[in-house]
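Student: Okay, here's the structure, questions in a sec.
The values are calculated or read from the model by the stated rules, or taken from the named source; none is laboratory data. Quick caveat, the model's predicted, so the values are computed rather than measured. Positions of Cβ are backbone-derived with ideal geometry, glycine not excepted, and every protein chain shown enters the neighbour counts. Just the protein is used for accessible areas: all its heavy atoms, side chains included, with ligands, DNA and RNA removed. Shrake-Rupley method; radii C 1.70, N 1.55, O 1.52, S 1.80 Å.
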Amino acid sequence: MKLESKTGIVILGHGSKLREANDTIHEVVEMIKKKGWDIVDPAYLQFGQPDLSQSIKNVVQKGCRRVVIVPLFLFMGSHVSIDIPKM
C-alpha cells in the first residue's frame, strides 16, 4: 500500500538501556515496511536514538508531507497520557 501523498510512519517506543529491548522497535519497523509502506522510522522517548523530534525530521527530509506517529507501549502510563500529547 504505497501512498502517493508520501506519508511517513514513526514507531515510538519508550527506549531502554538494553539494546535487545530497543531491537523490538526495529523489528516492528521492518514488519510494517514489508506490508508496503516505504518510509517507516523508529523513535524513542528515552535511552535510544533517534528521539521523536529527530525521527520526524528524518521522514520529512525523505519527502513526507504527513507523519503518523504510532506509540508502541504496553501500558497507559504518564508518557502515553501526558508526555506524548504535549510533544
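Student: Taking into account only those residues within the stretch 65-83 that are of a type in the set (A, V, I, L, M) and either at pLDDT below 80 or out of contact with any strand residue (DSSP E or B) (no Cβ under 7 Å at 6 or more places or on another chain) (or both), which is nearest to SER16 (Cα to Cα)?
Tutor: Step by step, filter the stretch 65-83, then rank; the result is LEU74.
Student: Restricting attention to the stretch 1-32, which residues are open to solvent by 30 Å² or more (accessible area, probe 1.4 Å), more than 15 Å from ILE69 (Cα to Cα) and either in contact with a Leu (Cβ under 9 Å, 6 or more places away or on another chain) or assigned to a helix (DSSP H, G or I) (or both)?
Tutor: Answer for the stretch 1-32, where residues must be open to solvent by 30 Å² or more (accessible area, probe 1.4 Å), more than 15 Å from ILE69 (Cα to Cα) and either in contact with a Leu (Cβ under 9 Å, 6 or more places away or on another chain) or assigned to a helix (DSSP H, G or I) (or both): ARG19, GLU20, ALA21, ASP23, THR24, GLU27, GLU30, MET31.
Student: Could you list, ordered by first residue, the pairs with Cβ atoms under 8 Å in which the first is in the stretch 20-45 and touching a residue at least 24 places away in the same chain (Cβ under 8 Å) and the second is in a strand (DSSP E or B) and among the charged types (D, E, K, R), at least 6 apart or interchain?
Tutor: Close Cβ pairs (under 8 Å, with a partner that is in a strand (DSSP E or B) and among the charged types (D, E, K, R)) amount to ALA43/ASP51; TYR44/ASP51; LEU45/ASP51.
Student: Using the structure shown, decide if LEU45 is within 13 Å of the chain's Cα centre (by Cα) and surrounded by fewer than 17 Cβ atoms within 10 Å (Cβ to Cβ).
Tutor: no
Student: Where the second residue is charged (D, E, K, R) and part of a loop (DSSP other than H, G, I, E, B) and the first is surrounded by 15 or more Cβ atoms within 10 Å (Cβ to Cβ) and lies in the stretch 53-65, which pairs have Cβ atoms under 8 Å and are six or more apart or on separate chains?
Tutor: Close Cβ pairs (under 8 Å, with a partner that is charged (D, E, K, R) and part of a loop (DSSP other than H, G, I, E, B)) amount to CYS64/LYS6.
Student: If we keep just the residues of the stretch 33-54 that are in a helix (DSSP H, G or I) and not basic (Lys, Arg), which is farthest from SER81 (Cα to Cα)?
Tutor: The selected residue is GLN54.
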